[in-house]
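Data first, discussion second: the structure below is written as structure tokens.
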Amino acid sequence: MTPELAAAVAAQTDFAADVFDRLHACSVDVRGVTRASYGEGEQAAHALMAEIARELGLEIDQDPAANTYMTQPGQDRSAPVRMVGSHLDSVPQGGNFDGAAGVVSGLTAIRALQQLGHQPKHDIRVMGVRAEESCWFGTSYIGSRSALGTLPDGALDTATRADNGRSLAEHMAECGGDPDKLRDTAPYLDRTRIGAFLEPHIEQGPVLVEEGFPVGVVTGIRGNRRFPNAHCIGEYAHCGGAPRRVRQDAVVAATEFVQAMDAEWDKAEASGDDFACTIGMFQTDIERHAMTVISGNVKFSLDFRSVDPAYLLKMEARVPAIAAEIGARRGVKFELGAMTRAAPGFMDQGLVETYRKAAAGMNVRAMDIPSGASHDSAAFADAGVPTAMLFIRNEHGSHNPDEAMEIPDFIDATKLLAAGLTA
Ligand SMILES: [Zn+2]
């Protein structure tokens, strides 16, 4: 049924464009859209998705975290369900497509299957996920981890929203959730009953635009190692009085460390290993620094990522060795501080292959691509659910009002999604 399915999805172009217009209208801000986690815009987006699902005759449900579920019943209701999901919140004054595209894609695929008269073997369930953007509560994957029972203990009370200081529990209750039930009952989703979690999402980088592909089949979600509070400790000294041979210059040593990390990235590129590295914070001590003082302290952060857990492990050992070598040579000491780890999100190879085959059979141009950013999919993959992601070409990145996903590209991705839902 591949060509028929592709044609049926293509016939949903106006439907999809209309849904995105309505979504924009219900959450429009001075610039772009604002759908605060457990706030007004997100609430409106959930209500709109439920309204559209009702028009499609889907079963509608909500869990204690106020995630929205929209289900097309399958022939065998006891068979493991195929889920499509993504988040409906946005950053302040963000774009209309980040997150929401995944939910709209699920509803669009279901509408195409309905028009074909195709009843899937298993239930297809679209999940509108709450609170993925960590800018609001400082915690990631709140909706998906609540549904899976993996939200960290205490987060309901300790996580507070950045703009008003009120607790996650309070916000959740206000949006129709039931935090007490969430605390006291088994997870709403039984991970062993989920056959697949599929998440289409706009690409947040420029790769698909540069390479000229409308769709990316995600090969993995990068895990990371983070040193939020690293220091290079040298010795403060007079810039004129201290001869070069005795200097313990923290700025020179720390910048050499930055260059060494960049050289590691060169090596990774040369060997074809997936890697990215960022020193996002870098500062001398504002209390003591001066133009004429050799700096004795540089504070910096380090974030490095890879889809390959072995590579992360290798770098975890390599980074302190690099720091120690520079430290010994420059007479300074690197104190890298506490490190946090996030495991890479593994994509299910069977599902990835299904997408690749569907792309070939449906004449959709798709390329393999790793995901540099984090997504709800990582929470599902981490819970052991077979997971796969599609990226949709999108100009100007995301988390800004200028996201520019084109509907024909969205339709191409939805063709592959529909194939994944019926495979
Ligand atoms: Zn997103």
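Read-outs throughout are calculated quantities, based only on the coordinates presented, and are distinct from any laboratory measurement. Owing to the predicted nature of the structure, the values given are computational and were not obtained by experimental measurement. A quick note on method: Cβ atoms are made from the backbone with ideal geometry, for glycine too, and the neighbour counts reach across all protein chains shown.
At-a-glance table
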read-out: Peptides 407-414, 114-121, 78-85, 342-349 ordered by average Cβ neighbours within 10 Å, highest first; value: 407-414, 78-85, 342-349, 114-121
read-out: Cα→Cβ-extended label distance, 7 Å offset, between GLU59 and MET281, nm; value: 4.7 nm
read-out: Three-way shape label, the range 152-282, alpha-carbon gyration tensor, a/c 1.5; value: oblate
read-out: Charge tally in the Cβ shell below 12 Å around THR219, where Lys, Arg are +1 and Asp, Glu are -1, THR219 excluded; value: -3
read-out: Whether the range 1-125 is rounded, prolate or oblate, judged on the alpha carbon gyration tensor where a/c under 1.5 counts as rounded; value: oblate
read-out: Value of [θ]222 nm, deg cm²/dmol, for the chain, DSSP H segments ≥ 4, -39500 (n - 2.57) each, nearest 500; value: -12500 deg cm²/dmol
read-out: Difference of contour (0.36 nm per residue) and Cα-Cα distance, THR150 to GLN93; value: 17.6 nm
read-out: The range 358-423 versus the range 1-50: alpha-carbon centroid distance in Å; value: 16 Å
read-out: The chain - share of DSSP beta bridges that are antiparallel (%, nearest 5); value: 65 percent
read-out: Rounded, prolate or oblate (a/c below 1.5 giving rounded, otherwise prolate when a/b exceeds b/c) for the range 281-423 by Cα gyration tensor; value: prolate
read-out: Sites LYS357 and GLU170 - FRET efficiency at Förster radius 60 Å, r taken between beta-carbons, to 0.05; value: 0.80
read-out: Debye, to nearest 20: dipole size of the chain, +1 on Lys, Arg Cβ, -1 on Asp, Glu Cβ; value: 1140 debye
read-out: Per-pair calculated FRET efficiency, R0 = 41 Å: GLU51 and ALA373 via Cβ, rounded to 0.05; value: 0.90
read-out: Relative contact order %, the chain, counting alpha carbon pairs below 8 Å whose residues are six or more apart; value: 23 percent
read-out: Environment charge at THR340 (Cβ cut-off 10 Å; Lys +1, Arg +1, Asp -1, Glu -1); value: +2
read-out: Extension reserve of the GLU316-GLU211 stretch, reckoned as 0.36 nm per residue once the Cα distance is removed; value: 34.6 nm
read-out: Calculated SAXS-style log₁₀ I(q)/I(0) at q = 0.14 Å⁻¹ - the range 224-342, Debye, Cα scatterers; value: -0.59
read-out: Cβ-placed point charges (K, R +1; D, E -1), dipole of the range 1-42 about Cα centre in debye, nearest 20; value: 120 debye
read-out: 11 Å beta-carbon shell around ASP303, net charge (K/R +1, D/E -1); value: +4
read-out: Per-pair calculated FRET efficiency, R0 = 22 Å: ARG244 and LYS333 via Cβ, rounded to 0.05; value: 0.70
read-out: Members of LYS121/LYS415; LYS121/LYS357; LYS267/LYS299; LYS267/LYS415 lying beyond 28 Å, as alpha-carbon distances in this model show; value: LYS267/LYS415
read-out: In the range 256-365, GluC sites (Glu not before Pro) in a DSSP loop with at most 13 other beta-carbon atoms within 10 Å; value: GLU287
read-out: In Hz, Karplus ³J(HN,Hα) per residue of the range 351-362 (6.51, -1.76, 1.60; θ = phi - 60°; x = Gly, Pro); value: 5, 4, 5, 4, 5, 4, 5, 4, 4, 5, x, 9
read-out: Theoretical gain in end-to-end length, ASN229 to THR139 [0.36 nm per residue, Cα-Cα removed]; value: 30.5 nm
read-out: Centre separation in Å (Cα based) which lies between the range 101-121 and the range 225-283; value: 51 Å
read-out: Where only C-alpha atoms are counted, convex hull volume of the chain per residue in Å³; value: 151 Å³
